[in-house]
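First the structure, in the form of C-alpha cells, and then the observations on it.
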Amino acid sequence: MTCVIIEDEIPAQKILKRFISKIPNLELVKTFQAAIEANSFLNQESVDLVFLDINLPDMSGLDFIKTVKNPPAIIMTTAYSEYAVGSFELATIVDYLVKPFSFDRFLRAINKAKDRVEIPKPVSNENENSIFLNVDKTLHKIVLNNILYIESERNYITVVTGNKKLSYIDSLKNWNEKLPKNVFIQVHKSFIVNTTFVSKISGNTIYVKDNKIPIGRTYKQELLSKLGI
C-alpha cells in the first residue's frame, strides 16, 4: 500500500514517517508541506492512502480533498478534535487521528485503510486472468474478460459483470492501467467498456449488451478505430 504525507509541521512529519516505517507493505512515496504542492502530484499519480493535516498554510485539508479528482483513502491528522464529525461526512476519509497519537492508534487507522483500499491480487492460468476485489471486507473474484463495463462516479468505481455490481473507492485511471488494452477501452471520462460485449453504437451512445453508455466526444474516434469502423 503506497502513501503520501501532507503535513506542514516537521515534528509531525517525523512521527508519521517513523510510524509508517514500522508497517510492512506500507510505502511512503512523497511528503508535502502544502496542499498546492500535493494537488498536482495526486491529480497525476496514484497512491492508496494520504495522511492529511486539516490545518495547512494555503487551504484546509477538507477543502483540499474536494480539489482532487478520484481521491485515495485519507487519514486525517490534526490537533483539533472538533473537526472529526465534519470530516467523516466525506466518504474518502477512513479515520481521524488527533495529535499526539500513539502507534497503537495509528495502527488501528492503518487497518481501517486496508479494509477500504482495493488490493488487487492477479491470478492467471491457462483459461483466465482474474483479480480479487476487497469490497466491504469480502474478497470477490472477478474474471477480467467477464467485466461488461466500469463506471466512475465521484470517488467510487462500479465494476459491472453479467451477475455482479461491485462499488468501492478507486479511480478509473487505476483500472485503465491494469485492464488488457486489446479488449477494454475508455469511451467517456466516467466509463471503460469491454469491446467484446458491444452490441451496437447509435450516435453518441454505445450499447454493452443491454446497457446504454455515453460516448465522450474526445474518445469517439479512438473507439471507432479500435472497432475497425
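Structure values in brief
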| read-out | value |
| --- | --- |
| Selection within the range 189-229 - small (Gly, Ala, Ser) and not in a loop (DSSP other than H, G, I, E, B) | Ser199, Ser202, Ser225 |
| Residues of the range 5-43 satisfying the condition of being over 16 Å from Leu62 (Cα atoms), polar (S, T, N, Q) and touching a helix residue (DSSP H, G or I) at 6+ places or on another chain (Cβ under 8 Å) | Thr31 |
| Residues located in the range 174-199, provided they are in contact (Cβ under 8 Å) with a residue 24 or more places away in the chain, within 14 Å of Asn211 (Cα to Cα) and not β-branched (Val, Ile, Thr) | Phe191, Asn194, Phe197 |
| Tabulated pairs, the range 15-42, first farther than 17 Å from Thr77 by Cα and free of Cβ contacts under 8 Å to residues at least 40 places away in the same chain, second among the basic types (Lys, Arg) and surrounded by fewer than 17 Cβ atoms within 10 Å (Cβ to Cβ), C-beta under 9 angstrom, 6+ apart or interchain | Phe41/Lys30; Leu42/Lys69 |
| Single residue of the range 201-211 satisfying the filter (at pLDDT 90 or above and out of contact with any Pro (no Cβ under 7 Å at 6 or more places or on another chain)) that is nearest to Asn129 (Cα to Cα) | Val208 |
| Residue satisfying all of: in the range 4-44; part of a loop (DSSP other than H, G, I, E, B) and charged (D, E, K, R); surrounded by the fewest Cβ atoms within 10 Å (Cβ to Cβ) among these | Lys22 |
| Scan of the range 7-49 for residues that are within 14 Å of Thr67 (Cα to Cα) and of a type outside the set (Asp, Glu), ordered by number | Ala34, Ala35, Ile36, Ala38, Asn39, Ser40, Phe41, Leu42, Asn43, Gln44 |
| Hits in the range 126-165 (condition: more than 21 Å from Asn182 (Cβ to Cβ), assigned to a strand (DSSP E or B) and without any contact (Cβ under 8 Å) to a residue 40 or more places away in the chain) | Phe132, Leu133, Asn134, Val135, Thr138, Leu139, His140, Lys141, Glu153, Ile157, Thr158, Lys165 |
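The values are calculated or read from the model by the stated rules, or taken from the named source; none is laboratory data. For clarity, every value in this text was computed on a predicted model and none was experimentally measured. Virtual Cβ from ideal backbone geometry, glycine too; neighbours counted across all protein chains shown.
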